[in-house]
Amino acid sequence: MQYINVVIDNKSNNTDTFYTYAAPDEVGIGAKVSVPFARRKQPVDAYCVETGVMPSIAASRIKEIESYEAERSLNDEMIRTAVWMRKRYGTKYIDAVKMFTTGGKREPKKKSAGRPGTDPGLVLSGEQQAAADSICEAVESRRFEAFLLKGVTNSGKTEVYMRAVEKALEMGRTAIILLPEIALSDQVRKRFADRFGDDTVATLHSKLTTSAKLGEWLRIRRGEARIVVGPRTSVFAPIDNIGVIVIDEEHEATFKSDHNPKYETVDVAYKRAAEHGAALVLGSATPSIVTYNRAEKGVYKLLEMNQRIGGSVMPELSIVDMRKEVSSGNTSVLSRELAAEIDGALRRKEQIILFLNRRGFSTQILCPDCGFRMTCDDCGISLTYHKSVNAAVCHYCGRKYPLPEKCPDCGSRFVRYVGAGTEKVEETVKQLWPDVKTARFDLDTAAASDDAGKVIDSFQKGKTDILVGTQILAKGLDFRNVGLVGVINADVGLNIPDYRSSERTFQLITQVAGRAGRASGSSRVLIQTFDPESDVIREAAAADYDSFYGSELLHRNIMNYPPYSDIISIGFVSEDPDEAMGYAKAFRDRLAGLRSAPEGAVILRPRLDERRTDGMSRAAFLIKAPLGSRGGYMNEYMEYRDRLTESKADCFIEIDVNPYGFT
């Protein structure tokens, strides 16, 4: 018999600590156990975080665990990573631990054995071979090393990933492949299953049923599946002996969690790879500014692939000035030049992608007489007209409103629907080319992974001629016959109040342009814009990442944004807005008055978040923390959180480091 420390599966901040129990000697770190707790009649779940504990209280007061569930247990690396997450992100122990677990009680019936993998016998290009050799050498030597694989679109990054995974399997090790979207999981999983066999590959994501997810989780935990493919949560796959972790399209914002715990996938992957002596590979044609800066500093080893494979060439990119279109009387979402290019591509039997990062039909509902703008009652943001459901929809909370017959303010019947979304583009295309098969791929049509798969499959097989979509089209999809890409409104992202707006715009244009010309032959990309003089759009049209990176890094340095700082958001949530603001001001003043405050830190004043949808009020402020100082602020946060808990305040505190969106 031994003494162990556990964390209790309980949501309360009051129990965010270690509890000591007696347990059999075979219970190790990561063990899932049931324990008597407080005055509860039934035992509660807990996870062992320490063994061989010397108790600080009398042995007579220490209770014994009631049971031990070996099959649902974790390992010591997962527990160490969870404890590290608490310190780095300010989350509770149990919230971090449960990222590695899954629910469900009944495993689905086992399927018949899948087909074995096949070797396609591909010959790598020189750039591919050099990159693969570097990564495989790290895998083979069991040496932790992080790589940035910067390769232009269609340069063959996926095959390099395959070679690294192949080397890991040869060494008796495992692999995790992380993707920016659930919608990509099935497509990429199939590629790895074709190569390494169905039974070798598992996938984890939120669209799986509870029993299906449990089945995949257990296959991974038992070692039956040695490759895990999925979105960001797959970084927590309960897998042993990791040889390589790949984050494809590492620049995507979806790799930053906006739900508790608010982790950064790259950080967690880095931590797990280091624990296992594994290779970490970050792949992108347009690396994030922070990632590329880390490569410059030597944190990551830079591997570059600047040539496309298979005889394909980069598309020809050009800018269309939409101001001239409007002044000449063309108010359509399609410029005359783009419409002519669509005609030409259809005659050549080429497929077409039309990209607009706005879903819905019209982006605003306005009254021209009094200036009224229809907004969400709960969130305060503009509603979008969705023709498919004949309603005004809030893209923040999802609430639907009936369309107004007249202006609610002045009674005018001349309510206007302005702006364009993907629904409007799709309708315009169908009106101009009624005999052409057109489909739409955005968050509305890809709500279910099966629906997303059908749209992608139809386009890949050439059954769809024109595909209209949002940013999901820019996330690593491989289409062979796209001869034309039209960016409908390249300015959309530049007006978002986020310091990353220029970076995001450059990445989206470059990535969606990369869907064109993947087979041999010429291809075109037309970028429609009302701001053709924009440096960002010109650099994207020239596919000049280096120029964009240099100018953006200079701007970040002047404004003290990442990579020169960490942006920390501190929020206080309460039913009473005055109480939330009072706590926020008090804590902000406390941080500003610290003698140990780092030089150069900037702490902004709190403001109320007007977009709460649950009847609660949130007051938040931002900190620009110099690099290396986030740990001090995290400690202050944890101490203040515990103080609020002990005082039973009707308010709770939350933290987010480097958030996407400053609310």
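When residues of region 532-564 are filtered for being crowded, with 17+ Cβ neighbours inside 10 Å and either in contact with a Gly (Cβ under 6 Å, 6 or more places away or on another chain) or not in a helix (DSSP H, G or I) (or both), how many remain?
7
Output the number of the condition that A340 fails; it satisfies all remaining conditions of (1) of a type in the set (A, V, I, L, M, F, W, C); (2) free of Cβ contacts under 8 Å to residues at least 40 places away in the same chain; (3) buried (at least 17 other Cβ atoms within 10 Å of the Cβ).
A340 satisfies all of (1) of a type in the set (A, V, I, L, M, F, W, C); (2) free of Cβ contacts under 8 Å to residues at least 40 places away in the same chain; (3) buried (at least 17 other Cβ atoms within 10 Å of the Cβ) except (3).
When you scan region 455-484, how many residues do you find that are among the hydrophobic types (A, V, I, L, M, F, W, C) and outside any helix (DSSP H, G or I)?
7
Among what's in region 474-507 and is among the acidic types (D, E) and under 17 Å from D531 (Cβ atoms), pick the residue that is nearest to the chain's Cα centre (by Cα).
E503
Would you mention how many residues in region 627-652 are more than 29 Å from the chain's Cα centre (by Cα) and among the charged types (D, E, K, R)?
Of the residues in that region, 6 qualify.
Which of (1) over 20 Å from I353 (Cβ atoms); (2) part of a strand (DSSP E or B); (3) hydroxyl-bearing (S, T, Y) does Y292 not meet, given it meets every other one?
Looking at each condition in turn, Y292 falls short on (2).
Condition (residue is of a type in the set (A, V, I, L, M) and surrounded by fewer than 21 Cβ atoms within 10 Å (Cβ to Cβ)) applied to region 497-517: is it met by at least one residue?
no
What are the residues in region 68-103 that are buried (at least 16 other Cβ atoms within 10 Å of the Cβ) and not in a helix (DSSP H, G or I), if any?
If the condition is that a residue be buried (at least 16 other Cβ atoms within 10 Å of the Cβ) and not in a helix (DSSP H, G or I), then Y68, S73, L74, N75, G90, T91, K92, T101, T102 are the ones that fit.
The conditions are (1) within 22 Å of the chain's Cα centre (by Cα); (2) outside any loop (DSSP other than H, G, I, E, B); (3) in contact (Cβ under 8 Å) with a residue 24 or more places away in the chain, and V139 fails exactly one of them. Which is it?
Failed condition: (1).
For a quick check of your reading of the model, give me the residue pairs whose first member lies in region 67-80 and is outside the structural domain of N241 (by TED's automatic domain parsing), whose second is in a helix (DSSP H, G or I) and hydrophobic (A, V, I, L, M, F, W, C), with beta-carbon atoms closer than 6 Å and at least 6 apart or on different chains.
Every condition considered, the pairs that remain are L74/F100; M78/F100.
So how many residues does region 32-56 have that are farther than 21 Å from T91 by Cβ and touching a Ser or Thr at 6+ places or on another chain (Cβ under 7 Å)?
Of the residues in that region, 5 qualify.
Could you say which residue among K624, K648 is more than 27 Å from L383 (Cα to Cα) and crowded, with 17+ Cβ neighbours inside 10 Å?
Matching residue, one of K624, K648: K624.
In region 218-237, is there at least one residue being modelled with pLDDT of 95 or more, of a type in the set (D, E, K, R) and over 17 Å from I177 (Cα atoms)?
Yes: region 218-237 contains one or more residues that are modelled with pLDDT of 95 or more, of a type in the set (D, E, K, R) and over 17 Å from I177 (Cα atoms).
If F459 passes every condition in (1) among the hydrophobic types (A, V, I, L, M, F, W, C); (2) modelled with pLDDT of 95 or more; (3) surrounded by 18 or more Cβ atoms within 10 Å (Cβ to Cβ) but one, which one does it miss?
(2)
Residue-wise test of (1) touching a Cys at 6+ places or on another chain (Cβ under 9 Å); (2) surrounded by 11 or more Cβ atoms within 10 Å (Cβ to Cβ); (3) hydroxyl-bearing (S, T, Y).
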{"site": "G28", "(1), (2), (3)": "yes, yes, no"}
{"site": "K32", "(1), (2), (3)": "yes, yes, no"}
{"site": "V35", "(1), (2), (3)": "no, yes, no"}
{"site": "D45", "(1), (2), (3)": "no, yes, no"}
{"site": "T51", "(1), (2), (3)": "no, yes, yes"}
{"site": "P55", "(1), (2), (3)": "no, yes, no"}
{"site": "I62", "(1), (2), (3)": "no, yes, no"}
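Name the pairs whose Cβ atoms lie under 7 Å apart, with the first residue in region 640-663 and farther than 21 Å from P497 by Cβ and among the charged types (D, E, K, R), the second modelled with pLDDT of 90 or more and assigned to a helix (DSSP H, G or I), and 6 or more positions between them or separate chains?
Sorted first by the residue in region 640-663, then by its partner, the pairs are D650/E579.
Scan region 123-136 residue by residue and report those that are surrounded by fewer than 12 Cβ atoms within 10 Å (Cβ to Cβ) and either hydrophobic (A, V, I, L, M, F, W, C) or assigned to a loop (DSSP other than H, G, I, E, B) (or both).
Result: V123, single match.
Any idea which of (1) more than 30 Å from S288 (Cα to Cα); (2) in a helix (DSSP H, G or I) is the one E107 doesn't satisfy?
Unmet condition: (2).
Quick one: count up the residues across region 195-243 that are part of a helix (DSSP H, G or I) and either buried (at least 17 other Cβ atoms within 10 Å of the Cβ) or within 21 Å of the chain's Cα centre (by Cα) (or both).
19
Could you list, in sequence order, all residues of region 485-523 that are more than 30 Å from S565 (Cβ to Cβ) and assigned to a loop (DSSP other than H, G, I, E, B)? Walk me through how you get there before you give the answer.
If we filter region 485-523 for residues that are more than 30 Å from S565 (Cβ to Cβ), which is where we start, we get 485-489, 512-523.
If the condition is that a residue be more than 30 Å from S565 (Cβ to Cβ) and assigned to a loop (DSSP other than H, G, I, E, B), then I488, N489, G514, R515, A516, G517, R518, A519, S520, G521, S522, S523 are the ones that fit.
If you check every pair at least six apart or on different chains, which have Cβ atoms under 7 Å apart with a residue in region 151-165 that is without any contact (Cβ under 8 Å) to a residue 24 or more places away in the chain and outside the structural domain of I227 (by TED's automatic domain parsing) first and a residue that is of a type in the set (D, E, K, R) and surrounded by fewer than 24 Cβ atoms within 10 Å (Cβ to Cβ) second?
none
Pick out, from region 391-441, the strands (runs of 3 or more DSSP E) lying fully within it that include 3 or more residues that are of a type in the set (D, E), out of contact with any Ser or Thr (no Cβ under 6 Å at 6 or more places or on another chain) and under 20 Å from R359 (Cα atoms).
Working: elements: 391-393, 416-418, 438-441.
So the answer is none; nothing clears 3.
Suppose we keep only residues that are among the acidic types (D, E) and farther than 18 Å from D343 by Cβ within region 407-426. Which one would you say is modelled with the lowest pLDDT?
Top of the filtered list is D409.
Any residue in region 255-267 that is part of a strand (DSSP E or B) and either without any contact (Cβ under 8 Å) to a residue 40 or more places away in the chain or assigned by TED's automatic domain parsing to the domain that holds G514 (or both)?
We begin by selecting, within region 255-267, every residue part of a strand (DSSP E or B); these are 256, 264.
Keeping just the survivors that are either without any contact (Cβ under 8 Å) to a residue 40 or more places away in the chain or assigned by TED's automatic domain parsing to the domain that holds G514 (or both) gives none.
Looking for residues that are part of a strand (DSSP E or B) and either without any contact (Cβ under 8 Å) to a residue 40 or more places away in the chain or assigned by TED's automatic domain parsing to the domain that holds G514 (or both), one finds none in region 255-267, hence no.
The values are calculated or read from the model by the stated rules, or taken from the named source; none is laboratory data. Just so it is clear, the structure is predicted and the values come from calculations on it, not from any experiment. Note that we place each Cβ from the backbone using ideal geometry, even for glycine, and neighbour counts take in every protein chain shown.
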